[in-house]
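Contents: one structure, followed by commentary.
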């Protein structure tokens, strides 16, 4: 089904037309990702409009209900079922949608990106073979995202969706994620508070101090400052979803911290290991930024939304610019804030280049808590990690795969996390810069240097403690597109 291209900007954003996970994220304690292939396209198209897809407006109302419920009935969970859906390029092909959406990485799929993303794998006669879950090496047409406050709610959402779609699809893989229990709520499996620095979308989300405000086109195709050109009309207010199953070797990572404590006067080994972890991540486990709390955790700062993201980095080059937060710290690598402002921004534009490369993250931990046996043996026995989800309006614009065309998750992983010389212009010799992002930086399984100073990398990471098990690039269409183009109905 072909349509006229959409102009690059649209005047307003319709929160009732945008899927709920993209801008704000689905409120959830449990979530299941159901990956499928389309077996009967015509049956699927007829069934699709019957799915109850949650919108950004639904999420806004749900958050208000949650806030009111906490005041009236503290501790009581509100029943909140949510469903979203997204499609790969193969899914678009299966539905007969032939328009070029204008993104090369999406068109080729994530499997083609595995080597350049730094994933582990081997070279074969037919090319690079990543160490992925088998399902991600084969055709996946789409994914259902079912979320809620309990497994009963999520199971009911999945059951209803599969009954509606019936035999039009075949489920090929599923992954269940859960917010961690008790005091670990909001923390990923290594133990760090997560999701603090998501950007705010202009005109939709009221920003907190220090929160980056981005134009809608950074997330939503066909809207203000979408970097793509000539998007098809059905792409308006949709977004690319990058999914990654990231396995975390938790006992091994904690053992590494224990064996490599930072040595400072008056700091015992336990505190030294905690400080090393904070410097690798850029925050203490509480979420307090090390830039504001350089030597000791500050839980009160971590809880204060007016302060916990309200900071910039020193403008000095060399080691003076990283006395508190290392250049290679995970949060500095993936969100360099003002590290790029003076050197990489056109003087005619006040916009920080980080703005146009931003993503929103909506992932969730998966797998069980670390067992006593695993802690004792310092060895992972049970698969656990992060079901990583990011949204962006572009992954790769055009055929040339360079830093100017790469965007969103793909750019952040390749050009920042995996780049030993990033952030740039800090006075380091080429190839002896800050080093890899110690958390998500990858070099196809090779050892990585990090925490670099003017003498080169000061710490060697003996292995990847976060290992990609695979993923895919999807497109999350607007509600209007789901009811028309994706359902085989003329708009």
request  = Scan the stretch 87-108 residue by residue and report those that are assigned to a loop (DSSP other than H, G, I, E, B) and closer than 25 Å to residue 43 by Cα.
outcome  = 88, 95, 96, 97, 98, 99, 100, 101
ask   = Quick one: residue 204 ticks every box in (1) modelled with pLDDT of 95 or more; (2) crowded, with 16+ Cβ neighbours inside 10 Å bar one, so which box is it?
value = (1)
key: Any hit, the stretch 472-484, residues being more than 30 Å from residue 92 (Cα to Cα), at pLDDT 95 or above and within 24 Å of the chain's Cα centre (by Cα)   = no
message = Just the residues that are in a loop (DSSP other than H, G, I, E, B) and in contact with a helix residue (DSSP H, G or I) (Cβ under 7 Å, 6 or more places away or on another chain), please, taken from the stretch 406-422.
response = 422
ask   = Residues 290, 331: which one is out of contact with any helix residue (DSSP H, G or I) (no Cβ under 6 Å at 6 or more places or on another chain), at pLDDT 95 or above and closer than 23 Å to residue 427 by Cα?
value = 331
ask   = Here are some conditions: (1) farther than 18 Å from residue 482 by Cα; (2) outside any strand (DSSP E or B). Residue 45 meets all but one. Which one does it not meet?
value = (1)
task = Any residue in the stretch 364-376 that's on the phi > 0 side of the Ramachandran plot: show its pairings with residues that are in a loop (DSSP other than H, G, I, E, B) at Cβ separation under 6 Å, as long as the two are six or more apart or on different chains.
result = 367/383; 367/384
task = Only residues that are exposed (fewer than 14 other Cβ atoms within 10 Å of the Cβ), under 26 Å from the mean Cα position of the chain (by Cα) and farther than 25 Å from residue 155 by Cα: list them for the stretch 64-122, please.
result = 100, 122
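Conditions tested, residue by residue: (1) modelled with pLDDT under 95; (2) out of contact with any helix residue (DSSP H, G or I) (no Cβ under 6 Å at 6 or more places or on another chain).
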| residue | (1), (2) |
| --- | --- |
| 10 | yes, yes |
| 18 | no, no |
| 23 | no, no |
| 31 | no, yes |
| 40 | no, no |
| 43 | no, no |
| 49 | no, no |
remark   = Taking first residues from the stretch 282-307 that are within 19 Å of residue 180 (Cβ to Cβ) and second residues anywhere that are surrounded by fewer than 16 Cβ atoms within 10 Å (Cβ to Cβ), the pairs with Cβ under 6 Å that are 6 or more apart or on different chains are 286/299
inquiry  = Can you find, within the stretch 263-277, the residue that is nearest to residue 360 (Cα to Cα) among those that are at pLDDT 95 or above and crowded, with 16+ Cβ neighbours inside 10 Å?
reply    = 277
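One line per residue, one yes/no per condition, for (1) under 17 Å from the mean Cα position of the chain (by Cα); (2) modelled with pLDDT of 95 or more; (3) crowded, with 17+ Cβ neighbours inside 10 Å; (4) in a loop (DSSP other than H, G, I, E, B):
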site	(1), (2), (3), (4)
374	no, yes, yes, no
380	no, yes, yes, yes
390	yes, yes, yes, no
394	yes, yes, yes, yes
404	no, no, no, yes
424	no, no, no, yes
443	no, yes, no, yes
463	no, yes, no, yes
467	yes, yes, yes, no
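The values are calculated or read from the model by the stated rules, or taken from the named source; none is laboratory data. Treat the numbers as computed from the prediction; the structure is a model and nothing was measured. No Cβ is skipped: glycine too gets one built from the backbone with ideal geometry, and neighbour counts run over all protein chains shown.
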